[in-house]
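Report on one structure; see the data block that follows.
The values are calculated or read from the model by the stated rules, or taken from the named source; none is laboratory data. Every value quoted in this text rests on a predicted model; they were computed, and no experiment measured them. Note that each Cβ is placed from the backbone with ideal geometry, even for glycine, and that neighbours are counted across all protein chains shown.
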Amino acid sequence: MKLPKAYNPKIVEDKIYKLWLRSGFFNPDKLPKTHKKPYTIVIPPPNITGELHMGHALNAVIQDILIRWKRMQGFKTLWLPGTDHAGIATQNVVEKKLKKQGLTRFDLGREKFIKEVWKWKEKYGDIILNQFKKIGCSCDWSRTRFTMDKDYSLAVKQTFLHYYKKGWIYRGERTVNWCPRCSTSLSDLEIVYKEKPAEMYYIKYGPITIATTRPETKLGDTAIAVNPKDQRYKKYINKTITIKTVLGPAKMKIIEDKMVDMKFGTGAMKITPAHDILDFEIGERHNLEKKQVIGPDARMTKLADKYAGMTVAEARKQIVKDMEKIGILEKIEPYIHNSARCYRCDTVIEPILSKQWFLKMNELAKMAEKPVKQGKIKFHPKSFEKPYFDWLKNIRDWCISRQIWWGHKIPIEKETDVLDTWFSSALWPFATLGWPKNTKELKAFYPTDVLSTARDIINLWVARMIFSGIEFRKEIPFKHVYIHATILTKEGKRMSKSLGTGIDPINLINEFGADATRFGIAYQITGGQDFRFVKDNIVMGKKFCNKLWNASRFVLGQIGSSKFKAQKSKLQLKAQNLTSADRKILKQLDKTIKSVNKDLENFKFGKAAHTLYDFFWHDFCDKYIEASKKQDNEETKKVLFYVLFTSLKLLHPFIPFITEEIYQKLPIKDKKKCLMIEKWPKS
């Protein structure tokens, strides 16, 4: 069968994807009987709030390369897709939509608002999943899951009650990160830090000077803390001094605590247990009073006396003026401050005292630490084990309650709070397979094999899946954690749609084709943790696809009406009839197969792509095809066909559409229904 003169991805890709869907081979249960040993990847579930971005595209390409490679190796592959309800993020986008209509969620009430969110989910929930299809992802779409499916919700409820009965979940009043805009608590991992110019205020506390960036919280101070090793303050420890304040004289005890940083400011630290998480912990150790002077609305409370009702910014300005008047403001210095902000709405976080639900983390942290230390779970690159262990070593109890409406309601009577989104996504590797029921799917496909994800959610998600898997399934949830690179702009800036620095991968697919986009992305995965996206690589991917197409046309033209048995090793080539060029290309092909296998085993996707590019373009096309034009014998035709056919297999995980289209045109007697279930080459 002849190939058209030029390759047109717009015509081919939709047609080929429909062929794959009809084949049923994305579903492991419909693979040939020879596919026995399971190999599972669960997709990191994208939020139902957005569209495909370059980070999604990169991770999709990585996972699809692994799945297609393992499928061709004869594994019973499952790549399970799904989406996350993304509590705060989704509630925010629906609230923004209502705002355009002049409404708030409170105008609708909880029940009607939740209906609006479900409408959003129905309309936008599968956008990214459908875009994954455009890029060629071979997920088993029949198993698509959502973190608020009925069965999944039962799993979340069971999890909460399990921890609650065990005494690991408790309700308590602690200082938490609070977003005044979203009116909810946030975990440490749900805040982002932005550097901004600020002021460091040096304030006299009697004979001691303290330094702070937040003078408004001075009204809630209940002690001064110093490090026990700090000789400067040794004589003051355990003494109570009288200090001058903007609200009149106050008594302040000096305590010692090893958590005080001697190098910050003056080395003496004012302790405000109700408005700083570290201060709260110090306050608990020393039984200090907690005075809440800032409320959930980010305004000063009645305890702030004459400043009550002011916003934090207004109070700061006035308090600084008043401190200057009474002579306790020693100096103000410029300071670069890491401003804590809500990861969703960018509002400045106010730590406040709040009654919340917490999950005790000590035992769970040990569970998460052990399998990584033992090498049962391997991080790639290994360097990411350090931040993982650091977080577990310094872990605090997890604030799992959120004061929003969209999410899994805490299963306690009269409770209206919902659970942190990550509480439910921590169950993803096994709740998606039917847990808490002991299903056939769970037995067959758990534990999973590889988790590919970004570095910024190692602790938000990866650690929590590990201890959840061990606690509820008595098994690790995955064997390998691959931390993929972060794609930056050509100038090295963060890609962001809101900042106008984002690149839409769908636009690249429409312009260059899915295979060119995939190959261009894979080609750049060279081991670094950040890479600058260069469109030139996508252009290169397109040229490479055209080269593959033209070489295939040439080979098909050379072999004419000959038909080959694909499953025969090296097509029964007769060694005595091989030319030196034949032997050389076959030797180079074997070397390429070994190299690609080794690279994929070690998650070196870019290296494998480079190897395949160099072999096909230079060794096969530039050298061997040119040499073959001087020959006219059957063995050379067989070698041409064999090398092309094997190259299609090797390239299929990277550029599946074009390789499948060419495969469908190959004159093979024992052809399979699809290239994606052909046998992976052996060297």
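Odds and ends about this structure:
- Against the list (1) of a type in the set (Gly, Ala, Ser); (2) assigned by TED's automatic domain parsing to the domain that holds residue 335; (3) surrounded by 16 or more Cβ atoms within 10 Å (Cβ to Cβ), the condition residue 198 fails is (3).
- There is at least one residue in region 580-598 that is free of Cβ contacts under 8 Å to residues at least 12 places away in the same chain, surrounded by fewer than 19 Cβ atoms within 10 Å (Cβ to Cβ) and within 30 Å of residue 39 (Cβ to Cβ).
- Some residue of region 118-130 being among the β-branched types (Val, Ile, Thr), within 26 Å of residue 417 (Cα to Cα) and assigned by TED's automatic domain parsing to the domain that holds residue 405: no
- Residue check for residue 319: surrounded by 14 or more Cβ atoms within 10 Å (Cβ to Cβ) and either more than 30 Å from residue 207 (Cα to Cα) or in contact with a Ser or Thr (Cβ under 8 Å, 6 or more places away or on another chain) (or both): no
- Test: residue in region 662-679 that is among the acidic types (Asp, Glu) and part of a helix (DSSP H, G or I): no
- Residue within region 178-185 that is without any contact (Cβ under 8 Å) to a residue 60 or more places away in the chain, hydrophobic (A, V, I, L, M, F, W, C), within 15 Å of residue 272 (Cβ to Cβ) and surrounded by 19 or more Cβ atoms within 10 Å (Cβ to Cβ) present: no
- Residue 395, sole failed condition from (1) out of contact with any Phe, Trp or Tyr (no Cβ under 7 Å at 6 or more places or on another chain); (2) surrounded by fewer than 17 Cβ atoms within 10 Å (Cβ to Cβ); (3) touching a residue at least 24 places away in the same chain (Cβ under 8 Å): (2)
- Qualifying residue in region 413-431 (condition: of a type in the set (D, E, K, R), surrounded by fewer than 22 Cβ atoms within 10 Å (Cβ to Cβ) and either touching a Gly at 6+ places or on another chain (Cβ under 7 Å) or farther than 28 Å from residue 88 by Cα (or both)): no
- Of all residues in region 244-281, those satisfying the criterion of being closer than 12 Å to residue 221 by Cα, crowded, with 18+ Cβ neighbours inside 10 Å and not hydroxyl-bearing (Ser, Thr, Tyr) are 252, 254, 269, 270, 271, 273, 274, 275, 276, 279, 280.
- Screening residue 294 on (1) buried (at least 18 other Cβ atoms within 10 Å of the Cβ); (2) under 31 Å from the mean Cα position of the chain (by Cα) shows it passes everything except condition (2).
- In the condition set (1) among the aromatic types (Phe, Trp, Tyr); (2) in a loop (DSSP other than H, G, I, E, B); (3) buried (at least 24 other Cβ atoms within 10 Å of the Cβ), residue 405 is compliant with all but (3).
- Residue 519 passes every criterion in (1) in contact (Cβ under 8 Å) with a residue 40 or more places away in the chain; (2) in the same structural domain as residue 153 (by TED's automatic domain parsing); (3) not small (Gly, Ala, Ser) apart from (2).
- Filtering region 207-229 to residues that are over 42 Å from the mean Cα position of the chain (by Cα) and either free of Cβ contacts under 8 Å to residues at least 24 places away in the same chain or crowded, with 18+ Cβ neighbours inside 10 Å (or both) leaves only 208.
- Among residues of region 58-105, those that are part of a helix (DSSP H, G or I) and in contact (Cβ under 8 Å) with a residue 24 or more places away in the chain, counted: 24
- Near pairs, Cβ below 7 angstrom, 6+ apart or cross-chain, from region 12-33 (more than 22 Å from residue 662 (Cα to Cα)) to any residue that is part of a helix (DSSP H, G or I) and polar (S, T, N, Q): 27/142
- The listed residue being modelled with pLDDT of 90 or more, of a type outside the set (Val, Ile, Thr) and over 21 Å from residue 349 (Cβ atoms), out of 228, 273: 228
- Of the residues in region 284-291, at least one is at positive phi, surrounded by fewer than 16 Cβ atoms within 10 Å (Cβ to Cβ) and within 42 Å of the chain's Cα centre (by Cα).
- Residue match in region 331-344 (condition: among the charged types (D, E, K, R), more than 39 Å from the chain's Cα centre (by Cα) and not in a helix (DSSP H, G or I)): yes
- Residue in region 629-636 that is closer than 27 Å to residue 579 by Cβ, outside any helix (DSSP H, G or I) and touching a residue at least 60 places away in the same chain (Cβ under 8 Å) present: no
- Scope region 384-402; condition in a strand (DSSP E or B) and over 17 Å from residue 114 (Cα atoms); matching residues: 398, 399, 401
- Residues considered: 27, 47. Of these, the only one that is in contact with a strand residue (DSSP E or B) (Cβ under 9 Å, 6 or more places away or on another chain) and over 30 Å from residue 186 (Cβ atoms) is 27.
- Qualifying residue in region 286-309 (condition: in contact with a Lys or Arg (Cβ under 8 Å, 6 or more places away or on another chain), outside the structural domain of residue 396 (by TED's automatic domain parsing) and in a loop (DSSP other than H, G, I, E, B)): yes
- Set 638, 630, 672, 607: member being of a type in the set (Lys, Arg), out of contact with any Lys or Arg (no Cβ under 8 Å at 6 or more places or on another chain) and closer than 27 Å to residue 524 by Cα: 607
- Meets criteria (without any contact (Cβ under 8 Å) to a residue 12 or more places away in the chain, surrounded by fewer than 18 Cβ atoms within 10 Å (Cβ to Cβ) and not polar (S, T, N, Q)) for residue 302: yes
- Residues (more than 25 Å from the chain's Cα centre (by Cα), farther than 20 Å from residue 63 by Cα and either part of a strand (DSSP E or B) or among the hydroxyl-bearing types (Ser, Thr, Tyr) (or both)) located in region 1-50: 7, 23, 34
- When 78, 21, 31 are checked against the criterion of being surrounded by fewer than 23 Cβ atoms within 10 Å (Cβ to Cβ) and in contact with a Ser or Thr (Cβ under 8 Å, 6 or more places away or on another chain), 31 stands alone in meeting it.
- Pair list, Cβ under 7 Å, 6 or more apart: region 108-124 residue hydroxyl-bearing (Ser, Thr, Tyr), other residue surrounded by 10 or more Cβ atoms within 10 Å (Cβ to Cβ): 124/48
- Some residue of region 58-74 being surrounded by fewer than 21 Cβ atoms within 10 Å (Cβ to Cβ) and of a type in the set (Lys, Arg): no
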